[in-house]
Amino acid sequence: MQRIKDLRQYIEKLEQLEDIRHVDRAVDPHLEMAAITRRGYDLHAPAPLFSNILGTDKGMRAMGAPAAISSVAGKPAARVALSVGLSEDASWQEIVECLATSTKAEGIPPNIVATAPCKQNILHGADASLDRFPIPYLHEGDGGPYCNTWGTIVARTPDGKWTNWSIARIQKLDAHRMTGLIVLPQHIACVWEEWRKIGKPMPYALVQGCEPALPIVSSMPLDDYENESDYLGGHFGEAIDVVRCETIDLEVPASAEIVIEGHISIERECEEGPFGEYPGYMVTETSMQPVYHVECITYRDDAIWPFIPEGRPIDEFHTAVGVAMSAEVLSMLREADLPVTTVWSPLETANHWLFVTVPCDWRDKLPGVNSEAFAHQIAQKIWQTKYGANCPVIYVLDDDIDPTDPADYLWALPTRTHPTKRRVIDHGPILPLLACYTDEECQEHTGDRVVHDCLQPAPDRGRLRHSSFEGAYPEEIQARVIELWDQ
């Protein structure tokens, strides 16, 4: 495990891989920065680092695509792998396995340090203006510039028992106010509800540009009252350094580039949205949400503001949620003693599908259980969790398929999914951002979910071999063909 401790060290590592593109010409934070980044997603280009941004304080920088598909040939997961402490060669499955294993590690509480580089500049009151910073307008049709797409919101329950680090979108209203989605079952909403009950505004800190593992872990659907800071410490085997805020009783990661401090109103008093969300569509809906009041901003010299213009796959929402949710589901299914090989939310589906693969001997571990019952058992375990609302379509497959490889699953699904049979439909909670539901279902936060039993017969009960290079030819023939391929 090789921990990268701040964003600048991460950028240096990407430089070594030639996976950073320096954009030194003047760029406009109104659409242009985001458009450059979106085109980079389409081309699998290096991550853009902007250093000449119109209308912002001198020295301010911004970084797009911090955890998107890498531009390095043969290493698509390199940015995410490096972020969580693995080699740039790690596969998606290896990343999921690593994060799932860390859910069982003993958490290590953070270490409070006296100061940090994010204290190099401190702004209070009227000086604490969002207008100084390169906050991007991300999509034509958005409700405004968006202050948060890749930063972490730090919040603590009134009783002090739970400090939550999470990601949620936040829109800029003016120089000193923001608004953002606070929607159950997201943890930011759980904490906010506790403050609303006692009638007091919620202290918050919005942290931009931390060590690269933080946004990934902030995307994980950890259990209620499980601190992401402790999980991250357990993952790396060492405490995460944090520093106290200037104006509120919270601590933030010491690796931060920028920290915004203030309070969130307990009333939903401002219109938020619309916003081009992760399913890939420019939605038009808005909603009334609380207001984030900005009271203090601290930041490093030459600060870097990371951002992601969410949309059609594949961007950071898909990579971060893909690995984070997959790891948490894998850990939960194993804890339930179900025979599971891996879990994957395929990036290409905008995280609307979930694949669960199982070993060929699963019947030995569950005698008397048929494949449809097994698939339903897996789905019920997932749907009973708070992240089950994110999983409208589940496929249970044998592990002869690599669920992270579109070539594999695009062959397996049509050849192993019956058009009308071997599926179970369930009705329950859904995430209203999912694009596959009707407006009525989204408003009610409930809808149908389905699990497809795509399991083959047991190996000794009629399972067919793959008619492929690896499956249809003896190993010695394969070896000879490979050896003499260029002759």
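Computed values, structure above
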quantity: Any hit, the stretch 451-467, residues being surrounded by fewer than 16 Cβ atoms within 10 Å (Cβ to Cβ), modelled with pLDDT of 95 or more and outside any loop (DSSP other than H, G, I, E, B); calculated: no
quantity: The lone exception for E295 - which of (1) under 20 Å from W92 (Cβ atoms); (2) not assigned by TED's automatic domain parsing to the domain that holds V356 it fails; calculated: (1)
quantity: Residue ID - nearest to the chain's Cα centre (by Cα), chosen from residues in the stretch 389-411 that are within 22 Å of I95 (Cβ to Cβ) and either assigned by TED's automatic domain parsing to the domain that holds M220 or in a helix (DSSP H, G or I) (or both); calculated: N390
quantity: Elements of type helices (runs of 4 or more DSSP H) contained in the stretch 176-240, each with 2 or more residues being more than 22 Å from T286 (Cα to Cα) and touching a helix residue (DSSP H, G or I) at 6+ places or on another chain (Cβ under 6 Å); calculated: 213-218, 228-236
quantity: Any hit, the stretch 332-352, residues being of a type in the set (D, E), crowded, with 24+ Cβ neighbours inside 10 Å and in contact with a helix residue (DSSP H, G or I) (Cβ under 7 Å, 6 or more places away or on another chain); calculated: no
quantity: Single match in A128, A205 (criterion: under 20 Å from the mean Cα position of the chain (by Cα) and either of a type outside the set (F, W, Y) or within 19 Å of D315 (Cα to Cα) (or both)); calculated: A205
quantity: Every residue from the stretch 412-425 that is outside any loop (DSSP other than H, G, I, E, B) and surrounded by fewer than 16 Cβ atoms within 10 Å (Cβ to Cβ); calculated: P414, T415, I425
quantity: Of all residues in the stretch 391-411 being of a type in the set (F, W, Y) and in contact with a Leu (Cβ under 9 Å, 6 or more places away or on another chain), the one that is surrounded by the most Cβ atoms within 10 Å (Cβ to Cβ); calculated: Y395
quantity: Selection count where residues are buried (at least 19 other Cβ atoms within 10 Å of the Cβ) and charged (D, E, K, R), scope the stretch 18-56; calculated: 2
quantity: Per-region count, the stretch 301-345, residues under 12 Å from the mean Cα position of the chain (by Cα), of a type in the set (S, T, N, Q) and assigned to a loop (DSSP other than H, G, I, E, B); calculated: 1
quantity: Within the stretch 435-450, tally of residues that are surrounded by 10 or more Cβ atoms within 10 Å (Cβ to Cβ) and of a type in the set (V, I, T); calculated: 2
quantity: Where a residue in the stretch 246-262 is within 14 Å of A114 (Cα to Cα) and in the same structural domain as M202 (by TED's automatic domain parsing) and its partner, wherever it lies, is β-branched (V, I, T) and outside any strand (DSSP E or B), with Cβ under 9 Å and at least six apart; calculated: P253/I240; A254/T115; A254/I240; S255/I240
quantity: Filter result for L455 (among the aliphatic types (A, V, I, L, M), in contact with a Cys (Cβ under 9 Å, 6 or more places away or on another chain) and closer than 25 Å to L354 by Cα); calculated: no
quantity: Residue match in the stretch 159-173 (condition: touching a strand residue (DSSP E or B) at 6+ places or on another chain (Cβ under 6 Å) and of a type in the set (G, A, S)); calculated: yes
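Yes or no, residue by residue, for (1) among the small types (G, A, S); (2) buried (at least 19 other Cβ atoms within 10 Å of the Cβ); (3) under 30 Å from L330 (Cβ atoms):
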| residue | (1), (2), (3) |
| --- | --- |
| P109 | no, no, yes |
| I135 | no, yes, no |
| G143 | yes, no, no |
| Y146 | no, yes, no |
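The values are calculated or read from the model by the stated rules, or taken from the named source; none is laboratory data. Bear in mind that the values here come from a model prediction, so they are computed numbers and not experimental data. All Cβ positions, glycine included, derive from the backbone under ideal geometry; neighbour counts span all protein chains shown.
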